[in-house]
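No lab work stands behind these numbers, since they all come straight from the coordinates. None of the values given here were measured: they were computed from a predicted structure. With ideal geometry, Cβ positions are generated from the backbone for all residues, glycine too; neighbour counts draw on all protein chains shown.
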Amino acid sequence: MSTVWEKLDEKGIAEVHAFAKDYCGYLSVSKTEREIVANSIKLAEEAGFKPLKDVSGELKPGDKVYANNRGKSMCLFVIGEKPLTEGMNILGAHADSPRLDVKQNPLYEKEGLVLMDTHYYGGIKKYQWTARPMALHGVVCKKDGTSVNVVIGEKDDDPVIGFSDLLIHLAGKQMEKTGAKVVEGEQLDALVGSVPLKGEEKDPVKANLLKLLKETYDIEEDDFISAELEIVPAGPARDYGLDRSMIMGYGHDDKVCVYTALRAILDMDRPERTSCCLIVDKEEIGSVGATGMESRFFENIVCDILDRQGLTSMKNFNDSLSNSKMLSADVSAASDPNWPGVMDEKNTAYFGKGLCFNKYTGSRGKGGANDANPEFIAEIRKVLADNDVMFQTAEIGAVDVGGGGTIAFILAGKNMEVIDAGIPVQNMHAPSEVVSKADVYESYRAYRAFLKDIR
Ligand code: MN
Ligand code: MN
């Protein structure tokens, strides 16, 4: 039996498709880190989780709480029977995905067109983002303290925006360039308008657009200075493949691990060890900032929980982290027959074979990797076998072909056991990524088994 599909009976396969349908619904409305956090809070509250700040006093086994960091990262806990100082079982995934961020002074008019200037976020092949429908998501924060949420390009009758590419007829010189230069960063300006305001002399199209923004959203041009607007692929995630076995959508990296990890912790009732799920921001640009994994936010929340139990020493805090075990839930590269030669076939992830463990990531001799301890891997193997969960092991590419990083090393640096464990993806970092439904479901089962049974 080599794939999850072959392991499952009819009922199991129906569960795979049902889970995938729920995930598609979540992914289609969760394109930014803010939307991920808002929609995850919604699901958590439906499952009985309460904001930690609204709960007073000591937490008891079975209590379900979450903490929201600036609407862009969060952590969830289900308190276990054992004291927190004996460690947590942690799942950590990231909510941010590659995209085009709108600059602070974005709008300009040229040749009767208005364009919106962007700066790309995360690692992208820039040419992949042209000539396709894009949506504008984000928030505009105004001087009066209010903010306006923006989602344009997702409803059927919404307009979309996009980045133009040169017609093939005139692209002789462009086609001779290397891939990295075929489309360059400053060419990724979105076309957003072409109607002039009657009677306006200077930049009439821009004037008309600003008038529209004022009327619709009550925002001025200056308000872009304090905005966080992300241009992302428009449209919902959907079934992929004639047999509907896969899902194509924007942002599987790493929203597919966010969703599966979230569903796993929502299932926890009264675990032996405290369950924790981290949903963090900024992984794609180095896990930096107050909402990235490097932030003190998570540790501050652990201190808060310990404090409530009267466990206030530095030792209590250190023990809580050192005794914890973590799956860094981040996607891995799926093998692709169209692109042979970049993988070591024995150590590669394949669609349909379940959750993928990367003992290490990094590049050039494991540089920057968390290299997981074999004792920990053995323990996980036992738990997954006991729970009848399929998994595979892989490296991100053959030696010296490339590489990647995750949040694993950051948590490992707090002296806990960590291994990367995520879902294989094709087209990673492209506007439309692909995952196998079987892997999505099996990974959810693996995460649940990890939270429940790791000691
Ligand atoms: Mn990732
Ligand atoms: Mn990534």
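Tell me, in nm to one decimal, what length is gained between ARG296 and ASP22 on full extension, where the rule is 0.36 nm per residue of separation less the Cα-Cα distance?
Gain on stretching ARG296 to ASP22: 95.4 nm.
What share of Cα pairs, in percent, lie more than 38 angstrom apart in the chain? So the portion of pairs separated by more than 38 Å is 27 percent.
Only bridges whose two residues both fall in segment 355-431 count here: according to DSSP, what percent of them are antiparallel, nearest 5?
Values: 5 of 8 bridges.
Percent antiparallel among DSSP bridges in segment 355-431 is about 60.
Give, to the nearest whole percent, the P(r) tail of segment 1-141 beyond 23 angstrom, counting all Cα pairs. Walk me through the numbers on the way to the answer.
Details: 5756 of 9870 pairs.
Across segment 1-141, Cα pairs with separations above 23 Å total 58 percent.
Helix screen, the chain: DSSP H segments with Cα axial length of 15 Å or more and mean Kyte-Doolittle hydropathy at least 0.0 are 252-266, 297-308, 374-386. With the convex hull drawn over the C-alpha atoms of segment 129-234, the volume per residue is 148 Å³.
Can you tell me which of 110-120, 256-266 comes out highest on packing, and rank the rest after it, using the mean Cβ neighbours within 10 Å?
Details: 110-120: 16.5, 256-266: 27.3.
Result, highest mean Cβ count within 10 Å first: 256-266, 110-120.
Evaluating 6.51 cos²θ - 1.76 cosθ + 1.60 at θ = phi - 60° for every residue in segment 281-288, the Karplus couplings come out as 10, 6, 4, 5, 10, x, 6, 8 Hz, glycine and proline recorded as x. For a label point 7 Å from the Cα of LYS382 along Cα→C-beta, name the residues of segment 420-455 whose backbone N is under 14 Å from it. Within reach of a label on LYS382: 453-455.
Estimated at 0.36 nm per residue, the fully extended path between ASP165 and ASP344 surpasses their Cα-Cα distance by 60.9 nm.
Any idea what % of Cα-Cα pairs in segment 270-339 are farther than 21 Å? In whole percent, the long-distance tail amounts to 42. Computed over segment 163-294, the quotient of the alpha carbon radius of gyration and 2.2 N^0.38 Å is 1.59.
Using θ = phi - 60° in the Karplus curve 6.51 cos²θ - 1.76 cosθ + 1.60, the 3J(HN,Hα) couplings for segment 337-344 round to x, 6, 10, x, x, 9, 10, 9 Hz; x is entered for Gly and Pro. For segment 202-271, GluC sites (Glu not before Pro) are listed when DSSP marks them as loop and at most 16 other Cβ atoms sit within 10 Å of their Cβ; the list is GLU220.
Multiply the residue gap between LYS82 and GLU221 by 0.36 nm, knock off their C-alpha separation, and tell me the result in nm, one decimal place.
On the way: separation 139, 0.36 × 139 = 50.04 nm, distance 5.44 nm.
Contour length minus the Cα-Cα distance gives 44.6 nm.
By DSSP, the beta bridges lying fully in the chain are antiparallel in about 70 percent of cases.
Given R₀ = 30 Å, what would the calculated FRET efficiency be for LYS198 paired with THR146, taking r from the Cβ atoms and rounding to 0.05? Display every interim value, and only then the final one.
Working: r = 31 Å, r/R0 = 1.04.
Once rounded, the FRET efficiency stands at 0.45.
With q set to 0.19 Å⁻¹, the log10 of I(q)/I(0) for segment 367-455, from the Debye formula over equal scatterers at the Cα positions, is -1.08.
Kirkwood analysis of the Cα pair distances in segment 110-190 returns a hydrodynamic radius of 15.0 Å.
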